[in-house]
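Student: If you scroll down you'll find the structure; I have some questions about it.
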Amino acid sequence: MLTMIRNMLRSKLAGLLFLLIIVAMGAWGVTDVFSGGIGNNLASAGDVELTEAQFDREVERQLRTATDDRGRAISKAQATERGIVDQIFQRELFQTTLIAYADSIGARATDEAVLQTIREDEAFQSDTGSFDPVLYRGLLSQSGFTPASFESFLRRDLSIGRIRGSVGAALQSPDSIVRLQSGFANEERKAQWFFLTFDDLPDPDPITDEELTAFYDERRDELENPQRRRISLLQLSVDDFLNQSEFTEDELLAYYESVKSREYAGPDTRTWTEFVFASEEAARAQLGRIAGGAEASTITDLVSSTERSGLQTSVSSESLAERLFAPTASIGGIFGPVESGRFYTVARLESITPGEVEPFEDVRQEIFDTLSREQAVGLYYDSITRLDNLIGTGAGLEEIGEDMGTPVLSFAPVERNGTTRVGRQLGALQQDPAILQRAFELTEGGKTSRFGQDESAFIVRVDEIIEPFTPDLEDIREDLRTGLEAQRRTTALAEAADAVKHLVESGEATFAEAATEYEAQLSAPDILFTRNPSPDSGIPPALAGAVFSLREEGNVVNAPLSLGDTVALIQLVEINRIDLASDEAAISASQELQDSIGNDLFSAFLAGIQDDVELQVNENAIASYKARVNPDT
């Protein structure tokens, strides 16, 4: 039935019906049923909108300097697959919310503030210290900005900076707390230590059968094995068909030629002439002559004309840049008039110089992988139809696997979390949560229908159900003996360490004498260190934490190490407390404490403004964007 419906949806009739529905919805004014009430924008907060064009420019700007682990540029498709686009989107949502709040309280940066920041930035100044507009445009172009987009970006940052600054503007840490924080952070200590291991202790007494039986009886409930199931799995995925791809060199070259200008070429360099007029009417009156190729000297009411050449990022007007560098723009085409300050500009495209193209040899493997993937997807979906037909005939799992050329995998009995009796995790059963979930819903011998994600299909069968049981003592005698011996050795090690601690702190023995008794090497570096010792100090951070847990000089602490067969005995030798009246130490601690409190306040502030600013996100629009930049999603 599902196969028949899918086949119907692929027909021309289904496409025609869908088109009629769209037209009818448009006629009745239903144009954004999928957008959540915010049109085609990706998100909105208050009067602030995040458009797809804005977001796309930000993605492109950030990807200009992004590279993979081999130093190669990252495409939008790759960025989508790696989650980079999602990260950028979340940051843009955060910025959109803050800007909307800034607007609501009148805190958005003014034109004067933006202009002043730009003019005072030394990066944009000439050798004489004055603002250099040519240098300004050049640096922006290198970073993927136009002047308009950079000024918008800067306005946003200044506005957010105002909000952040206002949160902690009146924040002042009390002097008493600052000095306590300074004393805590800058206190120094000296310590000595040695290690005790299992090998330093006498061998434990042998475990008798009576002790083993008593231990078994005490732990009977803990020894119970949970229900486990022996599962067989048939899996079909796109990857199964990748090795079936074969392409001739001519086919690879043909694909390369068809996409190289879009996929493997750098940005075009275009030459255009800008005609500037004092009014829109004057500009429109001369459109015909400009389109006809007239020279600037023959055009009336012209304020100025300039021939320019460069990349899209070099065009100051964002609107003009999008038209001038559109894929459909042709030589001789005119664009405008576009308002630019008090004037109106018309541009005529004079020539197009294609960007540098990556050689076929450098991208051949990438093309082969791309085509193989596309072909494998087609083969996979053809096989899904065949798989559904086999399931419909009632064929068994092995029969389906043989017909499809796919092996049926059988696994050792596992718990609900996919773990075997010996604690091994079976990744094949954990690749999709539905595999184990469905397996533990079946009766013995039961088989699921086909399920899975877009590019993977599974069928699961339960071959055997092993009910919970407690193994007999004889079956686990040696394992139990090993566990009891380890427990006793661990207990003996802890008792020995406690005895050393008592002897030293009571004055019955020195720390060095205790180390000598166990023939352990004593470490006593003549180093004072803080709670966060530098790597050069040679003090392990975990050991420093134990040292600073002690209260008085001479105290001892026992710190079991992660392996469980070693314990560190540590004695506090010296405490060097700083003078709380020291202004120098207090100044450094003051800024650290103020920054910490300021960050906490800002986090609380962000949570609070969500009540004042409603952020709307168009999930369908962002999904559509990602699908366009990465057709494989």
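Student: Pull out a ≥ b ≥ c, the square roots of the eigenvalues of the alpha-carbon gyration tensor of region 436-532, then state rounded if a/c is under 1.5, prolate if not and a/b is larger than b/c, and oblate in the remaining case.
Tutor: Values: a/c = 5.62, a/b = 2.29, b/c = 2.45.
Taking the square roots of the gyration eigenvalues as a ≥ b ≥ c, region 436-532 is oblate.
Student: In what sequence do 435, 466, 539 fall when counting other Cβ within 10 Å, fewest first? Numbers along the way, then the final one.
Tutor: Details: 435 22, 466 15, 539 19.
Exposure proxy ranking, most exposed first: 466, 539, 435.
Student: Can you put 372, 159, 330 in order of Cβ neighbours within 10 angstrom, beginning with the fewest?
Tutor: Listed from fewest to most nearby Cβ atoms, that is 330, 372, 159.
Student: Would you pull out the residues with amide H under 5 Å of residue 333's amide H, same chain only if 5 or more places away, H placed 1.01 Å from N?
Tutor: The answer is 349.
Student: Taking the Cβ of residue 141 as the centre, find all other residues whose Cβ is under 12 Å away and add up their charges (Lys, Arg: +1; Asp, Glu: -1).
Tutor: Working: positive: 61, 64, 137; negative: none.
Within the 12 Å Cβ shell, the charges total +3.
Student: Kindly give the semi-axes, whole Å and largest first, of the ellipsoid equivalent to region 382-502, taking each as the square root of 5 times a Cα gyration tensor eigenvalue.
Tutor: Here the semi-axes work out to 46, 17, 11 Å.
Student: When the convex hull of the Cα atoms of region 267-355 is projected onto a plane and the area is averaged over all directions, what value comes out in nm²? Please list the in-between numbers first.
Tutor: On the way: hull surface 20.4 nm².
If you wrap the Cα atoms of region 267-355 in a convex hull and average its projections, you get 5.1 nm².
Quick note: the coordinates plus some simple rules give every number you see, no bench work behind them. Everything numeric here is computed off the predicted structure, so don't read it as measured data. So basically every Cβ, Gly included, is an ideal-geometry build from the backbone, and we count neighbours across all protein chains shown.
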